[in-house]
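Here the structure is laid out as C-alpha cells; the discussion comes afterwards.
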Amino acid sequence: MTAQPEPGLLTGDHSFTIDAASPADLPDVHALVAGLADYEGLTAICVATQDDLARALFGDRRCAEALIARVDGNPPIAAGFALFFHTYSTFLGRRTLWLEDLFVRPEYRRNGLGRQLLATLAALAVNRECGRFEWAVLDWNVSAIDFYQSLGAAVLPDWRIARVTGDALPRLAAGANASLQKEC
C-alpha cells in the first residue's frame, strides 16, 4: 500500500490506527463483513468465508484490498474496515478507486473513524493517480448519505446499479460466444 495513515490517530475519545489488512487480520475482516451484513439486514445473502476473503485479498489473483482500523489497547480491537478495488473509467481514461464496503462498529461511530477511513482511501486514490473515488450507498441510509455529502461527495440521483446474480448469471453466460480465461 502506498499511503499509510499516521499511527495513533486520535479521534474523539479513542486512539485508532488504520493499516492495510494482512492475512492475520482475516478473522477480524470476516467478522466486520458479518457486522455490516447484519446492519444492512442482509445476513441471509452474506456467504463469504475467510477463505474467500483470503483469495480475494491475498491470493495469486488478488482482486481487492482492505484497510482495518483498530482501537489501540491490549489487545487492539478491530473497530472498522474498508474493502476496495480498482475499476476503470473510459471517459476519464484512468483507473478509479471503488469502495465496496465501509463499516465501523456502532460503539466506535461518531468519533471520526469513518471520515479517516474515507480520507485514507482518498489519499490512496490521489497517490495512485485515480480519476475518481466512488461507492454506492443504500437509499434508506439517510445518515450515511448526509455524512458523505458533508465530505463533498455527490450522491448521483440518475444512476442505478444493475446486477445479474443467482440462476440469471449462468443463463446469461450461456449465450457467450467467446472463450475467456478465468480471472479474479
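The values are calculated or read from the model by the stated rules, or taken from the named source; none is laboratory data. These numbers come from a predicted model, not from an experiment. Heads up, the Cβs are rebuilt from the backbone with ideal geometry, glycines too, and the neighbour counts pull from every protein chain shown.
From the list ARG95, ARG110, the one residue that fits, being on the phi > 0 side of the Ramachandran plot and either basic (Lys, Arg) or in a helix (DSSP H, G or I) (or both), is ARG110.
Return the residues of region 35-61 that are free of Cβ contacts under 8 Å to residues at least 40 places away in the same chain, within 17 Å of ALA21 (Cβ to Cβ) and surrounded by 12 or more Cβ atoms within 10 Å (Cβ to Cβ); say none if nothing qualifies. Hits for region 35-61 are ALA48, GLN50, ASP52, LEU53, ALA54, ARG55, LEU57, PHE58, GLY59.
Scanning region 113-135 for residues that are surrounded by fewer than 19 Cβ atoms within 10 Å (Cβ to Cβ) and either in a helix (DSSP H, G or I) or of a type in the set (Lys, Arg) (or both) gives ARG115, ALA119, ALA122, ALA123, VAL126, ASN127, ARG128, ARG132. Flag not set for ALA64, criterion: surrounded by fewer than 17 Cβ atoms within 10 Å (Cβ to Cβ), touching a residue at least 24 places away in the same chain (Cβ under 8 Å) and not aromatic (Phe, Trp, Tyr). Between GLY12, GLY8, the distinction of being farther than 20 Å from ASN127 by Cα, of a type in the set (Gly, Ala, Ser), at pLDDT below 95 and out of contact with any Ser or Thr (no Cβ under 9 Å at 6 or more places or on another chain) belongs to GLY12 only.
Looking across region 107-137, the residues that are in contact (Cβ under 8 Å) with a residue 60 or more places away in the chain and within 17 Å of ASP28 (Cα to Cα) come down to TYR108, LEU113, LEU117. Out of all the residues in region 145-155, is one or more assigned to a strand (DSSP E or B), under 26 Å from ALA31 (Cβ atoms), under 18 Å from the mean Cα position of the chain (by Cα) and free of Cβ contacts under 8 Å to residues at least 60 places away in the same chain? No, because not a single residue in region 145-155 is assigned to a strand (DSSP E or B), under 26 Å from ALA31 (Cβ atoms), under 18 Å from the mean Cα position of the chain (by Cα) and free of Cβ contacts under 8 Å to residues at least 60 places away in the same chain.
Suppose the filter is buried (at least 16 other Cβ atoms within 10 Å of the Cβ), in contact with a Gly (Cβ under 8 Å, 6 or more places away or on another chain) and among the basic types (Lys, Arg); does ARG70 pass it? The answer is no for ARG70. Residues that are assigned to a helix (DSSP H, G or I) and hydrophobic (A, V, I, L, M, F, W, C): does region 59-69 have at least one? No, because not a single residue in region 59-69 is assigned to a helix (DSSP H, G or I) and hydrophobic (A, V, I, L, M, F, W, C).
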